[in-house]
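Trainee: Input: one structure, supplied below.
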Amino acid sequence: MRSPLGLLVVLLVVLLGFGGAAAGQACVGTACQVTCSNNGTTSVSGTVYAPNGTDPLPNVTVYIPTTTVAAFTPGVSCPVVGAAPSGSPLLGTETDVNGNFTLVNVPVGSNIPLVIVSGRWRRQLVIPSVTACTTNLMPANFAVMPSDQTQGDIPKIAIATGSVDQVECVLRKVGIKDSEFTDPSGSGRINFYTGTSGAGAEIDAATPSQALLMENAATLNSYDVLMLPCQGTPVGGVLTGALGAQELANFVNFANAGGRVYSSHYSYAWMFQNPPFNTVVNWNVGQNTLPNGPATVNTGFTGGQTLATWLQDVGASTTPGQIQIQTLKHDLNGVVAPTQSWLNLDSGTATDPNPVMQFVFDTPIATTANPNPNQCGRVLFNEYHVENLISSSPSNSFPTECTGSAAMTPQEKLLEYMLFELTDEGGQPSLAPLSANFGSVAVTFPSAPQTFTWTNNSSFASQVTSATGSGDFAVTSNNCGTVAGGASCQITVVYTPTVLGAETGTLTVVAQGNTITASLTGTGTPGYTLSGTSLNFGNLDVGATAKQSLTLTNVASGALPIPAFVTTGSYSVSTAACGSTIAAGATCPVQVTFLPTVTGPLNGTVGVNSTSLLYNGLSATLSGNGVDFTITLSPTSGSVVAGDGTSTTATLTPLAGFAAPLTLQCSVAGAAASSCGLSTATVTPTTVTTATINMTTTSQYTVVGFGGFGGRGYLWLVGLGSGWLLWRRRRSAGAMFRSGLAVVVLAAIGLSLTGCSGKLPTQNAAYTGPGSYVVKVTATDGFLVHSATYTLTVTAK
């Protein structure tokens, strides 16, 4: 027994898959004729052409209606992009760049309706017969846009004719019959108004002036397309701002309401002083005429890619994306986004090296108050004349003015393409972004993925048949298959470089013959970087060591093993602090040690001993300077008599730039009662420097009567007593007696002092004895220690 939920699922399947049949309405009209057994398909393929039946048209909607296709509502309108076309389509598609289309699961039978439409260009056709389960090829020139109203719908176009840019003649070459060119009072879909600055062609004497068109909003808004070719002189004296405010306002309102505008050269008058259209480019009107030459189509957006391919397919371009143009002007210096530049001249001026030759912007222009308006209007501007005096003596009467060659020039082909692009309602698929830079990525490691969005801008489902990357750029995910009308899908690309350096690639997305490409760039790098390319250790004492480090960084997206570093010269390296691997984004120090063994510059390198691209460039240059000094004495020997002194001079010589402070010391080995002294204790020998060493000695000597009063008995007492007696008798004694006592005193004193006491003389205990002695002078900077010796010979007195 089924559960209530199971019964509900079954019921839903019946209703969705077979509900119509249960009600007796399995299909309506042509939908009932879609049948093919054995899993086969019935398809119809063909090519849509311009009215001339020669040039294929891309981005045209092709569909099979199931009900009556309604007439267009007259007057300017603002359709919703992507809205289903009239006639309740059973199925539909868009033509590719070559105008080709294929409809799958087409109804089988006779008189199958088919509609081709691009904006308000539309033709309703009937396929005489569709055979089941096969591809039905339409005959050549079956699907051709109407050349007159008997064949289908043509946009209502107003042309303010100009004397130097006869665009109406190009419309004739596109295939529109002369019967469609009339005055506004006529029945033709293309109406003439003569220009007010330089009148061009007219239908007859009754052809009205441009003023009648631009001053009356109702008249202007009755058209789908407004063409304002250059009239040869500034429109209405535009350089002095003579255009009427009402005309300018009507122009803006027409475009904002969904109108499509073609303009060239002096018709900038309608924009450059007319807000908000004055902001779409950097206007710089009235510059010099530019020389003829090649121009390049901007392929940085989908429409540009299609145009570049189409121009080559129809013979308007021999070099992909390039076209020869002439009669070139220069009235602006670049566009302001989102205005789209379609064409840039390959040469230009010093201040504008690749001037814009054609641009398009959609209206209404987005504002802060209305950031996402329904931009259903479009304005095209050419910085060149599509035509320029086709005949040397053109007539002002249409069509006799069009006396040029019947073959279309490259820039006429370009106008043909833009005429249909201008009126198209945006059914072309798009890809965003159309360029991507994956940045720097370590070789063999995948980049972060980047996502591209493919959008089906048509009303019908589209089949994305392939999405591929080139080179080292690979599609890693793709949810694009059958994409509903107005829906989007995502494609993910990853860059995995296999080489070092900049790389380019392409993402190519193909859907039902429409190919869109995105340019891809990236740079393959090693897996590691070093923080520097050189280390300078400066001056270092010979025999000393110094250490510096480089920072090793893993720039890969995964862990990497630590590479084996090696050095040359007087250097060693260690990665002990790094371990065996280093994580993504991590760093570690590479320690380099400098050990000079000789003086002078000592250069070397540190690098990785590996051929792997992951370790490429991991090297640094090493430099350092070994320094030292010498010390010498002059003279190195000398003789002195004990008790005398002498000196010598120490010379300190820096080697290889030595410039450190030195401490000086000296000593005398084994010489008693001797010494040495320095004129300075510290020197910094940036150049040859000297210091004086002074040496002194002590002689041996004898002290007379060294026994003194104590060692010579009591002679001193005799002297003392005689002196006292002499003092006492100095008045009463006679002269002879006093003289005798004085002699006694003096004798006693003298004998006691001269050793006449009966004992030997006494010698000094500390003196420099005869012999040869070594004087050592030492200099040191705290690491280096050098010395020199002096031989001192001492003789006795």
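The values are calculated or read from the model by the stated rules, or taken from the named source; none is laboratory data. Small disclaimer: the values here were computed from a predicted structure and weren't measured. No Cβ is skipped: glycine too gets one built from the backbone with ideal geometry, and neighbour counts run over all protein chains shown. The area values use the complete protein model at the heavy-atom level, side chains included, leaving out ligands, DNA and RNA. Shrake-Rupley method; radii C 1.70, N 1.55, O 1.52, S 1.80 Å.
Trainee: Please find, among Val356, Val379, the residue that is of a type outside the set (Phe, Trp, Tyr) and under 22 Å from Glu168 (Cα atoms).
Mentor: Val379
Trainee: Has segment 357-376 got at least one residue that is open to solvent by 10 Å² or more (accessible area, probe 1.4 Å) and among the small types (Gly, Ala, Ser)?
Mentor: yes
Trainee: Would a scan of segment 119-141 turn up a residue that is part of a loop (DSSP other than H, G, I, E, B), farther than 20 Å from Thr54 by Cβ and in contact with a His (Cβ under 8 Å, 6 or more places away or on another chain)?
Mentor: Looking for residues that are part of a loop (DSSP other than H, G, I, E, B), farther than 20 Å from Thr54 by Cβ and in contact with a His (Cβ under 8 Å, 6 or more places away or on another chain), one finds none in segment 119-141, hence no.
Trainee: Here's another thing I want to ask about it. Out of the residues in segment 674-687 meeting the condition of being assigned to a loop (DSSP other than H, G, I, E, B) and more than 30 Å from Val598 (Cα to Cα), tell me which one is most open to solvent (accessible area, probe 1.4 Å).
Mentor: Checked segment 674-687; the qualifying residue most open to solvent (accessible area, probe 1.4 Å) is Ser679.
Trainee: From the set of residues in segment 285-298 that are without any contact (Cβ under 8 Å) to a residue 60 or more places away in the chain and within 32 Å of the chain's Cα centre (by Cα), which is surrounded by the most Cβ atoms within 10 Å (Cβ to Cβ)?
Mentor: Val297
Trainee: Quick one: Thr30 ticks every box in (1) open to solvent by less than 70 Å² (accessible area, probe 1.4 Å); (2) among the hydroxyl-bearing types (Ser, Thr, Tyr); (3) over 45 Å from the mean Cα position of the chain (by Cα); (4) modelled with pLDDT of 85 or more except a single one, so which number is it?
Mentor: (4)
Trainee: (1) at pLDDT 95 or above; (2) surrounded by 19 or more Cβ atoms within 10 Å (Cβ to Cβ): which one isn't true of Ala511, the others all being true?
Mentor: Here Ala511 meets the rest and fails (1).
Trainee: Something else: Return the pair list, or none, for Cβ contacts closer than 7 Å from residues in segment 670-681 that are more than 8 Å from Asn694 (Cα to Cα) to residues that are open to solvent by 60 Å² or more (accessible area, probe 1.4 Å) and aromatic (Phe, Trp, Tyr), at least 6 apart or on different chains.
Mentor: Pairs that qualify, where the first residue is more than 8 Å from Asn694 (Cα to Cα) and the partner is open to solvent by 60 Å² or more (accessible area, probe 1.4 Å) and aromatic (Phe, Trp, Tyr), are Ala672/Tyr767; Ala673/Tyr767.
Trainee: Something else about it: Tally the residues that are touching a Leu at 6+ places or on another chain (Cβ under 9 Å), buried (at least 20 other Cβ atoms within 10 Å of the Cβ) and assigned to a loop (DSSP other than H, G, I, E, B), restricting the search to segment 142-151.
Mentor: 1
Trainee: Can I ask one more? Inside segment 586-673, counting only strands (runs of 3 or more DSSP E) that do not spill past its ends, which hold 2 or more residues that are closer than 17 Å to Ser549 by Cα and under 47 Å from the mean Cα position of the chain (by Cα)?
Mentor: 587-594, 600-608, 619-634
Trainee: Just the residues that are assigned to a strand (DSSP E or B) and either free of Cβ contacts under 8 Å to residues at least 40 places away in the same chain or open to solvent by 30 Å² or more (accessible area, probe 1.4 Å) (or both), please, taken from segment 419-454.
Mentor: Ser430, Ala432, Ser435, Asn437, Ser440, Gln450, Thr451, Thr453
Trainee: Within segment 561-574, is there a residue that is within 30 Å of Thr793 (Cα to Cα) and either modelled with pLDDT of 95 or more or of a type in the set (A, V, I, L, M) (or both)?
Mentor: Scanning segment 561-574, I find no residue that is within 30 Å of Thr793 (Cα to Cα) and either modelled with pLDDT of 95 or more or of a type in the set (A, V, I, L, M) (or both), so the answer is no.
Trainee: Restricting to segment 254-284, what's the tally of residues that are touching a strand residue (DSSP E or B) at 6+ places or on another chain (Cβ under 7 Å), open to solvent by 20 Å² or more (accessible area, probe 1.4 Å) and closer than 19 Å to Val336 by Cβ?
Mentor: 5
Trainee: Okay, moving on. Tell me which residues, restricted to segment 131-190, are at pLDDT below 95, over 29 Å from Tyr384 (Cα atoms) and of a type in the set (A, V, I, L, M).
Mentor: Those that are at pLDDT below 95, over 29 Å from Tyr384 (Cα atoms) and of a type in the set (A, V, I, L, M): Ala132, Ala140.
Trainee: Can Ser222 be described as open to solvent by 10 Å² or more (accessible area, probe 1.4 Å), out of contact with any strand residue (DSSP E or B) (no Cβ under 6 Å at 6 or more places or on another chain), under 15 Å from Arg120 (Cβ atoms) and small (Gly, Ala, Ser)?
Mentor: Answer is yes for this residue.
Trainee: Something else now. Scan segment 156-180 residue by residue and report those that are open to solvent by less than 10 Å² (accessible area, probe 1.4 Å) and either touching a Phe, Trp or Tyr at 6+ places or on another chain (Cβ under 7 Å) or β-branched (Val, Ile, Thr) (or both).
Mentor: Listed by number, the residues that qualify are Ile157, Ala158, Ile159, Ala160, Thr161, Val167, Glu168, Val170, Val174, Ile176.
Trainee: Can you pull out the residues in segment 580-604 that are hydroxyl-bearing (Ser, Thr, Tyr) and open to solvent by 60 Å² or more (accessible area, probe 1.4 Å)?
Mentor: Result: Ser580, Thr581, Thr587, Thr597, Thr599.
Trainee: Provide a single number: the residues in segment 455-473 that are assigned to a strand (DSSP E or B) and open to solvent by 50 Å² or more (accessible area, probe 1.4 Å).
Mentor: Total meeting the criteria: 3.
Trainee: Which members of segment 389-405 meet the condition of being modelled with pLDDT under 80 and either open to solvent by 70 Å² or more (accessible area, probe 1.4 Å) or among the charged types (D, E, K, R) (or both)?
Mentor: Matches in segment 389-405: Leu389, Ser392, Ser393, Thr403, Ser405.
Trainee: Within the set of pairs 6 or more residues apart or between chains, which connect a residue that is more than 24 Å from Thr697 (Cα to Cα) inside segment 777-797 to a residue that is not hydrophobic (A, V, I, L, M, F, W, C) and not in a strand (DSSP E or B) with Cβ atoms less than 7 Å apart?
Mentor: These pairs meet every condition: Asp781/Pro661.
Trainee: From the list Asn274, Asn253, Asn288, exactly one residue is modelled with pLDDT of 95 or more and of a type in the set (S, T, N, Q). Which is it?
Mentor: From the options Asn274, Asn253, Asn288, the qualifying one is Asn253.
Trainee: Within segment 532-547, is there a residue that is under 30 Å from the mean Cα position of the chain (by Cα) and modelled with pLDDT under 95?
Mentor: yes
Trainee: Looking at segment 337-349, can you tell me whether even one residue there is closer than 14 Å to Glu383 by Cβ, open to solvent by 10 Å² or more (accessible area, probe 1.4 Å) and β-branched (Val, Ile, Thr)?
Mentor: The answer is yes; a qualifying residue exists.
Trainee: Write out, first by first residue and then by second, each pair whose Cβ atoms fall under 6 Å of each other, whose residues are 6+ apart or on separate chains, and whose first residue, in segment 489-510, is closer than 20 Å to Asn456 by Cβ while the second is open to solvent by less than 20 Å² (accessible area, probe 1.4 Å) and small (Gly, Ala, Ser).
Mentor: Ile491/Ala467; Leu507/Ala518; Val509/Ala467
Trainee: Just checking, how many residues over segment 60-97 are outside any strand (DSSP E or B), open to solvent by 10 Å² or more (accessible area, probe 1.4 Å) and within 30 Å of Phe251 (Cβ to Cβ)?
Mentor: Count: 16.
Trainee: Next question. Can you give me the number of residues within segment 187-216 that are surrounded by fewer than 17 Cβ atoms within 10 Å (Cβ to Cβ) and of a type in the set (Gly, Ala, Ser)?
Mentor: Counting residues in segment 187-216 that are surrounded by fewer than 17 Cβ atoms within 10 Å (Cβ to Cβ) and of a type in the set (Gly, Ala, Ser) gives 5.
Trainee: Among the residues of segment 486-539, what is the count of those that are closer than 22 Å to Leu613 by Cα, in a loop (DSSP other than H, G, I, E, B) and among the aliphatic types (A, V, I, L, M)?
Mentor: Of the residues in segment 486-539, 2 are closer than 22 Å to Leu613 by Cα, in a loop (DSSP other than H, G, I, E, B) and among the aliphatic types (A, V, I, L, M).
Trainee: Please determine, by comparing only the residues of segment 543-561 that are in a loop (DSSP other than H, G, I, E, B) and open to solvent by 30 Å² or more (accessible area, probe 1.4 Å), which one is farthest from Gly439 (Cα to Cα).
Mentor: Going through the qualifying residues, I end up with Gly543.
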